[in-house]
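Coordinate-derived values only; no laboratory data. The structure presented is a predicted model; accordingly, all values stated were derived computationally and were not measured. Using ideal geometry, Cβ is built from the backbone for each residue, glycine included, and neighbour counts are taken over all protein chains shown.
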Amino acid sequence: MQLIDGKKISLELQEDIAIEVTQMMASGLKQPHLAAILVGNDGGSETYVASKIKACERVGFKSTLIRLPDYVTEEKLLQAVHDLNNNNDVDGFIVQLPLPRHINEHKIIEAVKPSKDVDGFHPINVGRMVLNLPCYVSATPYGIVHLLSAYNIETSGKNCVVIGRSHIVGSPMSILLAKNTALGNCTVTLCHSKTKDLISHTLKADIIICALGSPEFLKGNMVKDGAIVIDVGTTRVASTETKSGFKLKGDVMFDEVAPKCSYITPVPGGVGPMTIASLIKNTLLAAKKDIYK
Ligand code: GUN
């Protein structure tokens, strides 16, 4: 069994980006700039946004954090999005999800200018991804594809089961892996809460992407010998072992599943850091106007 070290690959990617930023600025180009809107004080979102800002510092990007209270109106949030759309110094920005229940998430995502949508959540970017057109690919699926590539994991012809059909991970992941591209060509099965006899699917899988947000859902008896398991789960559970009072738990029962795998990602230190690296990469593409001229 080989552990896939997402933290290491993420830092390597960021080192390459830092070099490119230094060169860009030496040639007189402006400093790439990522902005983030954070609504409320959700603990998980605070941590993710802090990691994104830290990564900006690491690679030499400028970053701006816009904090809004959890009672902010949809109108005020839309105004903040419009301001960033029109701010020529900002190359790309994200609105950290989830949003409070009184705000229509789709309305906010659709208000983001596609050329600044470095999360790749706007319907234009999702549609362009499906059609193999230049676009921002959403950060977690993009990061997973990069991880598989960094470990020279062949995907062509493999049976891949994706568990979870979220707009952010499961759905785009299934599309990317099924594409007729070097890092695709899988036979993909997208499983979800209504899937019957899930284990009959997972036992046939060469690659399992677990992205349903249910701690330790995937057990050892659900995985065939030699499988590659990618754990996207990051649920916070209370813990007396850590200073923060919580621990991150993946969707995979690691101790049971890992001995059966050829490769597996840990939580933390697997997919999470790759999401950050992909966002930084998308922001670099935005700053270079590589996707939208
Ligand atoms: N919430 C969980 N993952 C993400 C992400 O990749 N981007 C944003 N904006 N919110 C998230």
Rounded to the nearest 5, what is the percent of antiparallel bridges among the DSSP beta bridges in the chain? 10
Connecting every pair of Cα atoms under 10 Å apart in the chain and solving the GNM, the largest mean-square fluctuation among Ser244, Ser45, Ser115 falls on Ser244
Mind listing the long-range amide H neighbours of Asn159? Cut-off is under 5 Å, sequence gap 5 or more, other chains count too, H placed in the peptide plane at 1.01 Å from N. Thr187, Asp206, Ile207
Three semi-axes of the equivalent ellipsoid, the chain, Cα gyration tensor, whole Å, largest first: 31, 22, 19
Value in Å of the Kirkwood radius, where the stretch 47-200 supplies the Cα pairs that are averaged: 17.4
Rounded to the nearest 500, what is the 222 nm mean residue ellipticity of the chain from helices alone, with -39500 (n - 2.57) per DSSP H run of 4+ residues and division by all residues? -12000 deg cm²/dmol
How would Ser171, Ser27, Ser200, Ser214 line up from fewest to most surrounding beta-carbon atoms within 10 angstrom? Ser27, Ser200, Ser214, Ser171
Debye, to nearest 20: dipole size of the stretch 53-112, +1 on Lys, Arg Cβ, -1 on Asp, Glu Cβ: 240
Using the eigenvalues of the Cα gyration tensor, what equivalent ellipsoid semi-axes result for the stretch 79-162 when each is taken as the square root of five times the eigenvalue, whole Å, largest first? 29, 15, 12
Magnitude of the Cβ-charge dipole of the chain, K/R +1 and D/E -1, about the Cα centre, nearest 20 debye? 280
Kirkwood hydrodynamic radius of the stretch 224-293, Cα pairs, Å: 14.4
Unpartnered Cys in the chain, judged by a 4.7 Å Cβ-Cβ cut-off, are Cys56, Cys135, Cys191, Cys210, Cys261
From phi via Karplus (6.51, -1.76, 1.60), per-residue ³J(HN,Hα) for the stretch 185-195 in Hz, x at Gly/Pro: 6, 7, 8, 9, 10, 9, 9, 7, 4, 9, 5
For the stretch 257-265, in residue order, the Karplus 3J(HN,Hα) values (coefficients 6.51, -1.76, 1.60; θ = phi - 60°; whole Hz; Gly and Pro = x) are 7, 3, x, 8, 8, 7, 9, 8, 9
Most mobile of Lys196, Lys243, Lys224 per a Gaussian network model of the chain (Cα springs, under 10 Å)? Lys243
Would you please classify the overall shape of the stretch 171-293 from the alpha carbon gyration tensor, given that a ≥ b ≥ c denote the square roots of the eigenvalues, rounded means a/c under 1.5, and beyond that prolate means a/b larger than b/c while oblate covers the rest? oblate
Using a cut-off of 9 Å between beta-carbons, work out the net charge of the residues near Leu279 (Lys and Arg +1, Asp and Glu -1, Leu279 not included). +1
When only Cα pairs under 8 Å and 6 or more residues apart are kept, what is the percent relative contact order across the stretch 177-293? 20
Here the stretch 39-45 yields Karplus 3J(HN,Hα) values (6.51, -1.76, 1.60; θ = phi - 60°; whole Hz; Gly and Pro given as x) of 9, x, 10, 4, x, x, 5
Please check: in the Gaussian network model of the chain (C-alpha springs, under 10 Å), which one of Asp225, Asp119, Asp83 has the largest mean-square fluctuation. Asp83
